[in-house]
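> Let me begin by handing over the structure; questions about it come next.
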Amino acid sequence: AQSVAQPEDQVNVAEGNPLTVKCTYSVSGNPYLFWYVQYPNRGLQFLLKYITGDNLVKGSYGFEAEFNKSQTSFHLKKPSALVSDSALYFCAVRERYSNSGYALNFGKGTSLLVTP
Amino acid sequence: DTGVSQDPRHKITKRGQNVTFRCDPISEHNRLYWYRQTLGQGPEFLTYFQNEAQLEKSRLLSDRFSAERPKGSFSTLEIQRTEQGDSAMYLCASSSRGLNTGELFFGEGSRLTVL
């Protein structure tokens with residue numbers, strides 16, 4: 001089974017500082033990896049994905065993620081955090097279910113708190 | 001088009017009652033997914049439709065759970081004889097291109113509270 005792990009329940013960072021939210025993966029074959037963000041009382045919003053190509057993926061709201069095959073990691077990063085970035089962040093991996101197609105397997109999430 | 005719509009947003013029911021949630025995907029999206037999310041956990045995949053065909057349902061939590069998408073447009077998720085452990089957020093997502101190249105678009109969810 002394809003899976004991701006988010007080792008940190010919460011990440012705290014001061015506004016203006018760089019942030020990193022960690023994700024490691026366990027897959028057979030080439031991974032398809034995603035990051036989503038969930039603001040309070042809002043649905044999950046897509047940030048970025050890695051399918052193939054450049055290891056540095058740029059996404060929405062100034063976020064980027066670095067795919068590292070040797071470390072089996074896909075950490076989410078932003079050079080300068082904003083208070084409005086405070087939210088739940090989920091890493092996900094594409095999983096094949098029988099012969100019928102794919103769905104996303106999500107990590108348990110990391111709560112990001114950016115303080116002024 | 002305003003994205004994926006779910007109804008109701010919040011349902012409170014007594015144990016043993018049946019509940020039904022509705023999901024209206026983005027209009028041109030032929031793929032539709034249901035997930036469940038409990039507090040402190042990531043979304044858990046339940047089932048998947050391509051057009052009106054339910055292509056994956058082995059992840060539904062028990063035989064009390066069922067889903068339909070009769071005309072390939074909106075979908076319903078029904079839980080029969082609800083239990084307190086069914087209390088969770090039920091999320092619907094849709095996509096047009098599948099996960100080879102695309103991503104999932106999520107609704108805001110339907111929160112179920114079973115008393």
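The numbers here are math on the coordinates, done by the rules we state, and not lab data. Since the model is a prediction, treat every value here as computed from it, not as a measurement. Here the Cβ is made from the backbone with ideal geometry for all residues, glycine too, and neighbour counts use every protein chain on show.
> Of the options A:PRO116, A:ASN12, B:LEU91, report the single residue whose Cα projects farthest towards the positive end of the charge dipole of the protein assembly as shown (beta-carbon charges: Lys, Arg +1; Asp, Glu -1).
Of the candidates, B:LEU91 comes out farthest on the positive side.
> Taking all pairs of distinct Cα atoms, average 1/r, flip it, and tell me the Kirkwood hydrodynamic radius of chain B in Å to one decimal place. Mind showing how you got there, number by number?
Working: mean 1/r = 0.0712 Å⁻¹.
It works out to 14.1 Å.
> Something else about it: Restricting attention to region B:1-108, which GluC sites (Glu not before Pro) occupy a DSSP loop and are surrounded by at most 16 other Cβ atoms within 10 Å?
On the way: sites: B:GLU28, B:GLU44, B:GLU52, B:GLU56, B:GLU68, B:GLU78, B:GLU83, B:GLU103, B:GLU108; in loops: B:GLU28, B:GLU52, B:GLU83, B:GLU103, B:GLU108.
Here the sparse-neighbourhood loop sites are B:GLU28, B:GLU52, B:GLU83.
> Using only atoms on other chains, find how many Cβ atoms lie within 10 Å of each Cβ of peptide B:89-100 and report the average.
On the way: counts 1, 0, 3, 1, 5, 0, 2, 0, 0, 3, 13, 5.
Partner Cβ neighbours, averaged per residue: 3.
> Which pairs, out of A:LYS108/B:LYS11; A:LYS58/B:LYS11; A:LYS77/B:LYS71; A:LYS69/B:LYS11; A:LYS69/B:LYS71, put more than 32 Å between their alpha-carbon atoms? Don't jump to the answer; show the numbers that get you there.
On the way: A:LYS108/B:LYS11 24 Å; A:LYS58/B:LYS11 38 Å; A:LYS77/B:LYS71 42 Å; A:LYS69/B:LYS11 43 Å; A:LYS69/B:LYS71 42 Å.
Going by Cα-Cα distance, A:LYS58/B:LYS11; A:LYS77/B:LYS71; A:LYS69/B:LYS11; A:LYS69/B:LYS71 fall outside the 32 Å limit.
> Just grab the label-to-label distance for B:THR20 and B:SER73, each label 7 Å out from Cα along the Cβ direction, in nm (one decimal).
So the label points at B:THR20 and B:SER73 sit 1.6 nm apart.
> Quick one: what does P(r) look like for the protein assembly as shown with 5 Å bins over all Cα pairs, in whole %?
Spelled out bin by bin, the protein assembly as shown gives 1, 7, 14, 18, 18, 16, 12, 7, 4, 1, 0 percent.
> Same structure again: How about region A:38-76: which trypsin sites (Lys or Arg not before Pro) there lie in a loop by DSSP and see at most 11 other Cβ atoms within 10 Å? Show your work: numbers first, answer last.
Values: sites: A:ARG42, A:LYS49, A:LYS58, A:LYS69; in loops: A:ARG42, A:LYS69.
Counting only loop positions with at most 11 other Cβ atoms within 10 Å, the trypsin sites (Lys or Arg not before Pro) in region A:38-76 are A:LYS69.
> What average number of partner chain Cβ atoms lie no more than 10 Å from the Cβ of the residues making up A:101-111? Walk me through the numbers on the way to the answer.
Values: counts 10, 9, 15, 10, 4, 7, 3, 3, 5, 1, 1.
Mean inter-chain Cβ contacts per residue within 10 Å come to 6.
> With label points built 7 Å along Cα→Cβ from the Cα atoms of B:ARG97 and B:ILE12, find their separation and express it in nm.
A separation of 4.4 nm, rounded to one decimal place.
> Next question. In whole angstrom, note down how far apart the Cα centers of region A:56-81 and region B:44-102 are.
Cα centroid of region A:56-81 versus Cα centroid of region B:44-102: 30 Å apart.
> Let me ask you something else. Give the relative contact order (percent, whole number) for chain A; include only Cα pairs under 8 Å separated by 6+ residues. All intermediate terms of the calculation are to be shown ahead of the outcome.
Values: 286 pairs, mean separation 42.4, N = 116.
For chain A, the relative contact order is 37 percent.
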